[in-house]
Number of protein chains: 2
Amino acid sequence: MSVVTIERKVLEKNDEIASRNRELFRSHGIFAVNLVSSPGAGKTSLLERTLEHLRGKLPLAVIEGDVQTDLDARRIERYGVPAVQIVTRGGCHLEANLVRDALDAIPLGGVRLLIIENVGNLVCPSNYDLGEAMKIVLASTTEGDDKPLKYPAMFRNSSVLVINKIDLLPYLSCSLDTLRSNALQINPSLKVFQTSCRTGEGIDAWCEWLVSASSEERK
Amino acid sequence: MSVVTIERKVLEKNDEIASRNRELFRSHGIFAVNLVSSPGAGKTSLLERTLEHLRGKLPLAVIEGDVQTDLDARRIERYGVPAVQIVTRGGCHLEANLVRDALDAIPLGGVRLLIIENVGNLVCPSNYDLGEAMKIVLASTTEGDDKPLKYPAMFRNSSVLVINKIDLLPYLSCSLDTLRSNALQINPSLKVFQTSCRTGEGIDAWCEWLVSASSEERK
């Protein structure tokens, strides 16, 4: 049995479990998103700002994926939101079965929005469906404006792009216009937000969209 | 045959080819380094500053690894240095056979230093030996100071840490001391440099070390 055959079988098995996760989310009216980015692009910081804004307005839960440590889940728990940490112990992406197991620890009944923060990796998570309604890719301005061209699969497979750390633009050679147009060249249907978790700029618009998308999911 | 068995066989095959690459580097007196980091930490920018400094002083060659595009090799070629681009077409790391094939396009005779820039990924490249003398990991201050704890394998398997983008520290919540001590907690034998490719700070010390390490390799 070749490596390619094994890989296909692993992906097929993953897709089966992802479909069951998706069915579970639908049956509970949960809008589930898969948040992906490079390490340090600001996924957990965006989550923190999002929880500050949405706490009391939209019942939500978080699944944190990391190669090692439960630092992120501990950051999230401070906001009084159910948070489950998946530690992959070297694994470079989340898989649907890990998410399924994590769901056992979340009381799904009241949840409207589930944010799954994937392992920081701009390559591997693009291939793995977790059962989410959509992938949301974060790109930090500090990574430069060429990343959508160099890591196209992640931008092609995402529905939303959040350009984060826009407060740092004055100190960088990154062009926001180029980053945006490179991303739209790879995926013209991307919805784009621009945020700074430091100054709070753009967080209102992002959160309003999350609320509206979560309510769409229940129709 | 299980997935684990297949993975072990893939790694064994890779290690065999890596050993032959290593032998080839030794026989030519070439100091070969495997430069790894998250996407956008500044590997190519560090290479550019390094080439500016070492051009005419140390004969070197570059192998560029990217998921897609030859943007990086084109940046490097401007410096009149032999540069070969490996495009992995979705692959999340370089492997020893890709490096072996790329070496066919480099006249090894005169080369003293070979810098292999891996795919931007803080997880997968840590498992794959390319035949290098050592891995050098870049960490950007913009990624935050917790990354060594969250992605320990890369810091454990590297011999040198370059903390890049130190010019941005005044605008970040990243602590240089914490980043450094987290890295040394994972790997106490790491040699640490601090650089800014923007201001040039720290580039002299980094380049002096490269020259000295390359000359050690020929003893």
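If you go through the stretch B:104-127 and pick out every residue that is within 29 Å of B:E143 (Cα to Cα) and among the charged types (D, E, K, R), you end up with 1.
Have a look at A:A96, A:A105 and point out the one that is more than 12 Å from chain B (Cβ to nearest Cβ) and crowded, with 20+ Cβ neighbours inside 10 Å.
Values: A:A105 fails: crowded, with 20+ Cβ neighbours inside 10 Å.
Residue meeting the stated conditions: A:A96.
Identify all residues within the stretch A:58-86 that are of a type outside the set (A, V, I, L, M, F, W, C), assigned to a helix (DSSP H, G or I) and open to solvent by less than 10 Å² (accessible area, probe 1.4 Å); write none if there are none. Once the filter is applied, which keeps residues that are of a type outside the set (A, V, I, L, M, F, W, C), assigned to a helix (DSSP H, G or I) and open to solvent by less than 10 Å² (accessible area, probe 1.4 Å), the stretch A:58-86 yields only A:D72.
Quick check on the stretch A:81-103. Is at least one of its residues at pLDDT below 95, in contact with a helix residue (DSSP H, G or I) (Cβ under 7 Å, 6 or more places away or on another chain) and over 20 Å from A:L138 (Cβ atoms)? Looking for residues that are at pLDDT below 95, in contact with a helix residue (DSSP H, G or I) (Cβ under 7 Å, 6 or more places away or on another chain) and over 20 Å from A:L138 (Cβ atoms), one finds at least one in the stretch A:81-103, hence yes.
Looking across the stretch B:33-57, the residues that are modelled with pLDDT of 95 or more and open to solvent by 20 Å² or more (accessible area, probe 1.4 Å) come down to B:S45, B:R49, B:E52, B:H53. None of A:V137, A:V162 is open to solvent by less than 10 Å² (accessible area, probe 1.4 Å), more than 13 Å from chain B (Cβ to nearest Cβ), in contact with a Phe, Trp or Tyr (Cβ under 7 Å, 6 or more places away or on another chain) and farther than 22 Å from A:H28 by Cα except A:V162.
Matching residues to (1) over 17 Å from the mean Cα position of the chain (by Cα); (2) without any contact (Cβ under 8 Å) to a residue 40 or more places away in the chain; (3) at the interface with chain A (Cβ under 10 Å from one of its Cβ atoms):
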position	(1), (2), (3)
B:R8	yes, yes, no
B:N21	no, no, no
B:F31	no, no, no
B:V36	no, no, no
B:G42	no, no, yes
B:L51	no, yes, no
B:D66	no, no, yes
B:I76	no, yes, no
B:Q85	no, yes, no
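The values are calculated or read from the model by the stated rules, or taken from the named source; none is laboratory data. Here the structure is a predicted model, which means the values were calculated and not measured. All Cβ positions, glycine included, derive from the backbone under ideal geometry; neighbour counts span all protein chains shown. The area values use the complete protein model at the heavy-atom level, side chains included, leaving out ligands, DNA and RNA. Shrake-Rupley method; radii C 1.70, N 1.55, O 1.52, S 1.80 Å.
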